[in-house]
1. Put one equal scatterer on each alpha carbon of the range 1-51, apply the Debye formula with no solvent term, and list log10 I(q)/I(0) at q = 0.15, 0.16, 0.29 1/Å to two decimals.
2. At a Förster distance of 35 Å, what's the computed FRET efficiency of Glu90 paired with Arg130, Cβ-Cβ distance as r, to 0.05?
3. Modelled label-to-label distance, Cys25 and Glu139, 7 Å Cα→beta-carbon offset: nm?
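All of the numbers you see were taken from the coordinates with simple rules; none came from a lab. Everything quoted here is computed from the prediction, not taken from an experiment. Here Cβ is always computed from backbone atoms with ideal geometry, including for glycine, and neighbour counts include all displayed protein chains.
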Amino acid sequence: MLRTLLPALTGYRCVQIGTWGIERCELARAGTLCQWQIGFGGEHAGDIGFDGVHLPLASASVDAVVIAHGLEQVAEPHRLLRECARVLSERGQMIVMAFNPLSIWALRQGLPSRRIARFHPCSAPPSASRLCDWLQLLEFQPQQLWRYGLGFPFFGRAYHVGEGARWSRSIAWSAQAYAVVARRQVLPRTRIRERVGKRRTAAAPVLARGASRGVTCPR
């Protein structure tokens with residue numbers, strides 16, 4: 001999945017938030033010139049430390065963001081998404097990887113009580129539909145939904161978000177994790193012209209004082 005998605009992230013700077021699940025060699029596959037990793041807390045695998053609240057990046061300074069299971073590592077996942085929206089440029093792209101909270105694997109892990117390997121969850125991950133709603137509120141357009149994980153070969157490809165109900169079928173609860181690909185919504189900057197056949201109401205011209213009575217007002 002990442003070998004297909006990362007080369008499509010074009011631009012100058014790419015930032016990976018969370019160092020769990022994606023190695024540095026995988027991030028290097030992105031189609032950007034520079035890549036950095038941002039780790040949480042005392043993680044030393046990242047290039048930059050992150051307190052889980054404020055990203056140490058300037059606004060509109062990043063072209064692509066990859067959240068590698070970072071929503072589960074913060075107490076307020078929607079706040080992390082707002083920070084990502086702040087640092088992304090006008091043509092920013094985002095890939096959000098998260099565990100499926102309804103999967104059997106997630107229920108067995110008991111997120112956020114049980115901790116595995118280097119992963120230290122702080123909150124339950126959102127569902128795919130809720131994550132898409134959060135992204136739309138931040139003026140992002142979710143485009144693709146990937147479901148992946150151990151023992152889940154049935155949906156190992158992209159589904160277009162919003163095109164039918166296939167991408168949100170009930171069987172998707174068995175997926176271990178999912179990834180959402182989103183882009184910023186492109187708003188038209190040019191003024192939309194009115195239709196040619198539309199009637200335009202104009203105020204009737206007012207005759208100036210002293211005008212002769214024989215002059216009629218043009219229609």
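1. -0.38, -0.43, -1.09
2. That pair, Glu90 with Arg130, gives E of 0.85.
3. Here the modelled spin labels are 4.1 nm apart.
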